[in-house]
Amino acid sequence: MKRQIITIDETRCTGCGDCIPGCPEGALQVIDGKARLISDLFCDGLGACIGHCPTGAMKIVTREAEPYDEKRVMHESIAKGGPNVIAAHLRHLMDHGQSDFFQQALEYLEEEGIANPLEHEAVRQPAAHHHAPHAGGCPGSRTIDFNVHGKSEAAVAAIPGAPVHSALRQWPIQLHLISPQAPCFERSDLLLAADCAAFAVGDFHGKFMSGKSLAIACPKLDSGMDIYVDKLAAMIDMSHINTITVAIMEVPCCGGLMSIVAEAQRNASRKVPVKKVVISLQGETLSEEWV
């Protein structure tokens, strides 16, 4: 079957092993000085390991691969690690909204008579807005949907001097940390903004962010541009985003974000409308057009 799965560029891999803790399923090992995917069956294709690679050697591709086997992963890797590893794996599945795999994991625990370490936590089902303590990986990369209660829609205060509410719909927002298949991106309108844009525009939330999912990036200083291309292509094809608004500064280096989006469009099977917004150094909108 064709599905999303991790691939590793050996020419970029240094064998540092930083990706290993980022793979709860134990699909990665450092062998002969390089990180290796040891089994298709163990890789869930969600890309939790990508953000841990300092050289951009890892990316998600779609290829023929054996179906991911949750119960086998539980038996051969997760359960052996004990309660903390089991809890980290279950939260990993919750973070990415993988309800089917989550249920299979619980079924395995019940069949084997192993206690569910999340049994006493308030939320036991995958939910993007879950705030349970994070046992594995970086807590800052945990997927959270703030829009579940409609909070982000009230972006601008109507009364002068009243608090201005954030229009941010989700966390994380840095493109390296984002999971392209997170539920918050499903059929959303994506705002891809240059890092500096929000600091230049006084009313950035109300003017650009309201009602949109968000990703930020810097084409000049960030590494792993090919990862950005792959993630955007996955958002287009797998999350079925509706539109992309690219907010860039007037400085020449910012134009790289448009190149990334254009390449992602070429690699994706779907095409989505793209709007280009150019912002001056003092926060004025210089141009706004569909391209």
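The values are calculated or read from the model by the stated rules, or taken from the named source; none is laboratory data. None of these values were measured; they are calculated from a predicted model. So basically every Cβ, Gly included, is an ideal-geometry build from the backbone, and we count neighbours across all protein chains shown.
In the set (1) of a type in the set (V, I, T); (2) over 18 Å from G45 (Cβ atoms); (3) buried (at least 18 other Cβ atoms within 10 Å of the Cβ), T285 fails one condition alone, (3). Of all residues in the stretch 7-30, those that are touching a residue at least 60 places away in the same chain (Cβ under 8 Å) have Cβ atoms under 9 Å from Cβ atoms of residues that are assigned to a loop (DSSP other than H, G, I, E, B) and exposed (fewer than 15 other Cβ atoms within 10 Å of the Cβ), 6 or more apart or on another chain, in G22/C138.
Is one or more of the residues making up the stretch 159-177 among the small types (G, A, S), assigned by TED's automatic domain parsing to the domain that holds M258 and either at pLDDT below 50 or not in a loop (DSSP other than H, G, I, E, B) (or both)?
Step one: of the stretch 159-177, the residues among the small types (G, A, S) are 161-162, 166-167.
The next check asks that each one be assigned by TED's automatic domain parsing to the domain that holds M258; those that pass are 161-162, 166-167.
From what's left, either at pLDDT below 50 or not in a loop (DSSP other than H, G, I, E, B) (or both): none.
Within the stretch 159-177 (the criterion being among the small types (G, A, S), assigned by TED's automatic domain parsing to the domain that holds M258 and either at pLDDT below 50 or not in a loop (DSSP other than H, G, I, E, B) (or both)), the answer is no, since none of the residues qualifies.
Whether a residue is assigned to a helix (DSSP H, G or I) and either polar (S, T, N, Q) or over 25 Å from R63 (Cβ atoms) (or both) was assessed, and G255 passes this test.
Could you please find all residues in the stretch 251-268 being surrounded by fewer than 20 Cβ atoms within 10 Å (Cβ to Cβ) and farther than 13 Å from D195 by Cα? I'd like the intermediate steps shown before the answer.
As a first pass, look at the stretch 251-268 and keep what is surrounded by fewer than 20 Cβ atoms within 10 Å (Cβ to Cβ): 251-253, 255-256, 258-259, 262-263, 265-268.
Within the stretch 251-268, P252, M258, S259, A262, E263, Q265, R266, N267, A268 qualify.
For the stretch 1-41, a residue qualifies if it is touching a Ser or Thr at 6+ places or on another chain (Cβ under 8 Å), surrounded by fewer than 20 Cβ atoms within 10 Å (Cβ to Cβ) and closer than 28 Å to S99 by Cβ, and the qualifying residues are K2, R3, G26, L37.
Among all residues of the stretch 35-45, there is none that is more than 19 Å from R3 (Cβ to Cβ) and not in a strand (DSSP E or B). Among the candidates V30, V85, V73, V61, which residue alone is β-branched (V, I, T) and over 25 Å from I178 (Cβ atoms)? Answer to the selection: V30. Of the residues making up the stretch 219-250, those that are crowded, with 16+ Cβ neighbours inside 10 Å and outside any helix (DSSP H, G or I) are P219, D222, G224, M238, S239, I241, I244, T245, V246, A247, I248, M249.
Restricting attention to the stretch 47-86, which residues are crowded, with 18+ Cβ neighbours inside 10 Å, closer than 14 Å to P21 by Cα and out of contact with any Cys (no Cβ under 7 Å at 6 or more places or on another chain)? Don't jump to the end; show me each part of the working.
Quick first cut of the stretch 47-86, residues crowded, with 18+ Cβ neighbours inside 10 Å only: 47-53, 56-60, 65, 68-70, 73-74, 77-79, 85-86.
Remaining after also requiring closer than 14 Å to P21 by Cα: 47-53, 77-78, 85-86.
Within the stretch 47-86, G47, I50, G51, S77, I78, V85, I86 meet the criteria.
Within the stretch 180-203, if we keep just the residues that are in a helix (DSSP H, G or I) and touching a residue at least 24 places away in the same chain (Cβ under 8 Å), the residue that is farthest from S166 (Cα to Cα) turns out to be P183. The numbered conditions (1) modelled with pLDDT under 90; (2) buried (at least 17 other Cβ atoms within 10 Å of the Cβ); (3) out of contact with any Leu (no Cβ under 7 Å at 6 or more places or on another chain) are all true for S188 except (1).
Under the condition of being in contact with an Asp or Glu (Cβ under 8 Å, 6 or more places away or on another chain) and closer than 19 Å to A215 by Cα, the residues counted in the stretch 268-291 number 6.
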